Amino acid sequence: QQVTITTLSTVKRELTSTSMGSLAYQSILLLAAATLCAVTLHLSCKRGSIVIQRDPEDALIESSLRRRQLLNLGMGIELERKTYKMPYYIEQNLVNWDNLERSVETKDIPIFWHVLKSGGSAIKLMYATCYQLVGACESGEWIDRQQQEALASQQAQELVGDERQQRRRRLEGEEVSPMEWVQKTIIEQWQVWDESSTSQDQDNLQQLHVVVSEDGRKYVNVDVTTMEGIARASRLNFANSGLADVIFTPLLRESAELLLDGNKHKGRMFAVFRSPVDRIVSLFYYLQQATWEPTYNAEYASMTIDEYARSPLCESNWMVRSLVNKMEGPLEPSDIAIAKEIIRQKCIIGLLDEMDETIHRFHSFFGFENDEALTCARQNFAVAGGSQSNSHKHPKLDPNGATWQVIEKKNMLDIRLFEYAIELWHEQGEWMKNENML
């Protein structure tokens, strides 16, 4: 249309400056102008069928401006849902965070997307200790295994003790050497242990139940931090069990697919975000010592942070890759757009640098009305150095140094996602104030 207006202006000048004797020239100009107008009108009518190439970031920026103009988020939250298609199970099985028509008091379960070294371990321990909620994470399966092994060992010892007494009575009149008696007793003990352990494992695979740790924390006896554990929980009908009050997992897409059913048991996503470079530096120093972690690599112990940053072991946009299920290969502009759309529509945002406010928002949004629990959470988990189980000290990295820049370059999309999360944090805060949640 702009081209058409400019061209018509040129035609007008030509007609004005051309003498009336140049009738043929005027006719050609008028015919060209008419043709151009017709083409422009046709394109305008057909605009809906034309595929217009747009930068994915532009659409999100425009949508963000609209949301800020409509701060009640009534219209703004419906932004271009069909433009960037989210993974199916995230779209279907996770409730839009602002959807209050599905009451938070229904069977929808909070699902915490655990981004490592972003305060997730503190949140997990906080809900287990201060709120006394039943969690589904990795702890339940480990505690259950320990308790089952202890029970099996106790039962085996009791059975062996009874058998030893019976054998002594039977052997009172027999001539049996001490070594022969010890050997037979050991063999029988191992047989009892093996049979008891196998039986307990089989029973454990058949049903879900809540286990309680020595300090009173409660968990479902599954591990939803691994693909194998999520699949097992799904086979045991986790979604319909109703045992867990909250799920903690780094595998959001897999959990949405297998632990939720998209109907009566949807999930409400929430997460805590941290500066990606700071998070990766913290993760490196943590994994240098955390031999108990599944992601531990012995190579870390002998590496410097600079060597790690320049090696293939260093993370590269883990958050975006995890959300779009593309853990390998190059990422495209549409991937960051989809990741942003997921957290915009689905996620209650928390920030590690604003942990006190984050705890308050989670508490208010999910309807945790216990004020004593909130006080406990704020006193013990709102600041570094509280009762955070995975908090550890490590050297700081210079933001102006070469190592920082190497990590930053490898994680530019995660940085953009983090910056977008900060923007959403402010918008959600205004929304919660309007809803009298804060």
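In the neighborhood of residue 120, defined by Cβ-to-Cβ distances under 11 Å, what is the net charge if each Lys or Arg adds +1 and each Asp or Glu adds -1? Mind dumping the intermediate values first?
Details: positive: 117, 124, 274, 279; negative: none.
Charge balance in the 11 Å sphere: +4.
Highest mean first, what order results for 411-420, 133-142 on Cβ atoms within 10 Å? Please report the intermediate quantities before stating the final value.
Values: 411-420: 19.9, 133-142: 22.9.
Listed from highest to lowest mean packing, they are 133-142, 411-420.
With 24 Å as the limit, write out which pairs from 218/433; 340/396; 264/346; 393/433; 346/393 have Cα-Cα distances beyond it, or answer none.
Working: 218/433 33 Å; 340/396 29 Å; 264/346 17 Å; 393/433 36 Å; 346/393 33 Å.
In this structure, 218/433; 340/396; 393/433; 346/393 lie more than 24 Å apart at Cα.
Using a 1.4 Å probe on the protein chains only, how many percent of the accessible area of the range 214-264 belongs to carbon and sulfur?
Values: 910 of 2160 Å².
Of the solvent-accessible surface of the range 214-264, carbon and sulfur hold 42 percent.
Label points 7 Å out from Cα along the Cβ direction at residue 325 and residue 88: separation in nm?
Between residue 325 and residue 88, the label points sit 0.8 nm apart.
At 1.4 Å probe size, with every protein chain present, just tell me what the per residue accessible area of the range 305-351 comes to in Å².
On the way: 1640 Å² over 47 residues.
Ligands and nucleic acids excluded, the result is 35 Å² per residue.
What number comes out for the charge environment of residue 231, summing +1 per Lys or Arg and -1 per Asp or Glu over other residues with Cβ under 12 Å away? Each step should come with its number before you reach the end.
On the way: positive: 232, 235; negative: 223, 228, 254, 257.
Combined, the nearby Lys, Arg, Asp and Glu give -2.
Apply the a/c threshold of 1.5 to the C-alpha gyration tensor of the range 347-386 and tell me whether it is rounded, prolate or oblate.
On the way: a/c = 3.23, a/b = 1.09, b/c = 2.97.
It comes out oblate by the Cα gyration axes.
Please list, by residue number, everything in the range 242-276 whose backbone N is under 13 Å from a paramagnetic label point 7 Å out along Cα→Cβ of residue 290.
250
What is the projected area of the convex hull of the Cα atoms of the range 311-438, averaged over all directions, in nm²? All intermediate terms of the calculation are to be shown ahead of the outcome.
Values: hull surface 39.5 nm².
Quarter of the Cα hull surface area: 9.9 nm².
How far, in nm, would the chain grow between residue 146 and residue 353 when pulled straight, counting 0.36 nm per residue and subtracting the alpha carbon separation? Walk me through the numbers on the way to the answer.
Details: separation 207, 0.36 × 207 = 74.52 nm, distance 3.61 nm.
Net length gain for the segment: 70.9 nm.
By average Cβ neighbour count within 10 Å, what is the ranking of 291-303, 328-340, 120-132, 236-248 from highest down?
Values: 291-303: 11.6, 328-340: 16.2, 120-132: 21.6, 236-248: 19.6.
Result, highest mean first: 120-132, 236-248, 328-340, 291-303.
First measure r as the distance between the Cβ atoms of residue 371 and residue 435, then evaluate 1/(1 + (r/R0)^6) with R0 = 30 Å and state the FRET efficiency to the nearest 0.05.
Numbers: r = 19 Å, r/R0 = 0.64.
Calculated transfer efficiency: 0.95.
The values are calculated or read from the model by the stated rules, or taken from the named source; none is laboratory data. No experiment lies behind these values; they were computed from the predicted model shown. We place every Cβ from the backbone using ideal geometry, glycine too, and count neighbours over all the protein chains shown. Heads up: the accessible areas ignore ligands, DNA and RNA and are worked out on the full protein's heavy atoms, side chains in. Shrake-Rupley method; radii C 1.70, N 1.55, O 1.52, S 1.80 Å.
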